[in-house]
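Accompanying notes for the structure given below.
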Amino acid sequence: MLFNNLSKVTLALVVTLFLGACATQQATTTTTTKSDDAYTGTETVKFLADGVPDRVFFSTNKSDLTSAATTTLAKQASYLKANPTLNIVLEGHADERGTREYNLALGERRAIAAKNYLTSNGVAANRIKVISYGKEKPANPASNVLAWSQNRRTVTIKTN
């Protein structure tokens with residue numbers, strides 16, 4: 001049993017160091033000190049337009065926007081203001097932990113947080129639709145810390 005606990009601690013340390021190393025490779029990525037903290041998602045991000053990432057990431061059980069999220073959403077707001085006929089859907093997502101109902105509500109709070117940021121930065125609210133998928137559409141179907149961090153997100157989808 002001691003070996004099993006030691007193995008878990010060692011694995012957690014290795015994952016933390018790996019994520020920390022990944023997080024410091026790009027200037028736009030934030031370093032995390034906790035293995036289950038907010039993920040910046042450079043491996044899973046797609047783009048609305050050149051240089052405009054399509055997703056933001058969240059800490060466990062949180063819908064507060066991180067500084068990395070506000071940086072991404074500021075780029076999205078600029079892009080949307082420059083393209084006033086473009087409408088979007090903000091898809092809120094959660095990791096697999098927790099009940100379906102809890103994760104649907106959490107995904108909605110995350111999408112609403114992104115919508116509130118965009119509207120406070122000049123994007124008309126009637127151009128933004130919010131939907132939550134909770135844990136139903138994971139970006140990474142694995143069941144580990146990295147996958148969970150990739151799945152705690154809001155994705156911006158162009159609708160026209």
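The values are calculated or read from the model by the stated rules, or taken from the named source; none is laboratory data. Owing to the predicted nature of the structure, the values given are computational and were not obtained by experimental measurement. Quick reminder, even Gly has a Cβ in these numbers, built from the backbone with ideal geometry, and neighbours come from all protein chains shown.
Here are a few things to note about the model shown:
- Filter result for THR85 (farther than 24 Å from PRO141 by Cα, over 14 Å from the mean Cα position of the chain (by Cα), modelled with pLDDT of 50 or more and not in a helix (DSSP H, G or I)): yes
- Only listed residue being hydroxyl-bearing (Ser, Thr, Tyr) and either touching a Phe, Trp or Tyr at 6+ places or on another chain (Cβ under 7 Å) or at positive phi (or both), chosen from THR70, THR85, THR119: THR70
- Any chance LEU90 is modelled with pLDDT under 95 and not in a loop (DSSP other than H, G, I, E, B): no
So that you can scan it fast, the table gives a plain yes or no per residue for (1) over 15 Å from the mean Cα position of the chain (by Cα); (2) modelled with pLDDT under 95:
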| position | (1), (2) |
| --- | --- |
| THR30 | no, yes |
| ALA38 | no, yes |
| PHE47 | no, yes |
| ASN61 | no, no |
| ASP64 | no, no |
| TYR102 | yes, no |
| GLY107 | no, no |
| TYR117 | no, no |
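- Listed by first and then second residue, the pairs linking a residue in the range 56-76 that is under 18 Å from ASN121 (Cβ atoms) to a residue that is of a type in the set (A, V, I, L, M, F, W, C) and assigned to a loop (DSSP other than H, G, I, E, B), with Cβ atoms under 6 Å apart and 6 or more places separating them unless they lie on different chains, are THR66/ALA38.
- Qualifying residues in the range 80-105 (those that are acidic (Asp, Glu) and either farther than 22 Å from ALA49 by Cα or without any contact (Cβ under 8 Å) to a residue 12 or more places away in the chain (or both)) - the one surrounded by the fewest Cβ atoms within 10 Å (Cβ to Cβ): GLU101
- Against the numbered list (1) surrounded by fewer than 18 Cβ atoms within 10 Å (Cβ to Cβ); (2) hydrophobic (A, V, I, L, M, F, W, C); (3) not in a loop (DSSP other than H, G, I, E, B), TRP148 comes up short only at (1).
- Residue count, the range 103-124 (criterion: small (Gly, Ala, Ser) and in contact with a Lys or Arg (Cβ under 7 Å, 6 or more places away or on another chain)): 1
- In the set ALA69, ALA77, only one residue is crowded, with 17+ Cβ neighbours inside 10 Å, assigned to a helix (DSSP H, G or I) and touching a helix residue (DSSP H, G or I) at 6+ places or on another chain (Cβ under 7 Å); that residue is ALA77.
- Scanning the range 106-145 for residues that are among the hydrophobic types (A, V, I, L, M, F, W, C), surrounded by fewer than 17 Cβ atoms within 10 Å (Cβ to Cβ) and part of a strand (DSSP E or B) gives a single hit, ILE131.
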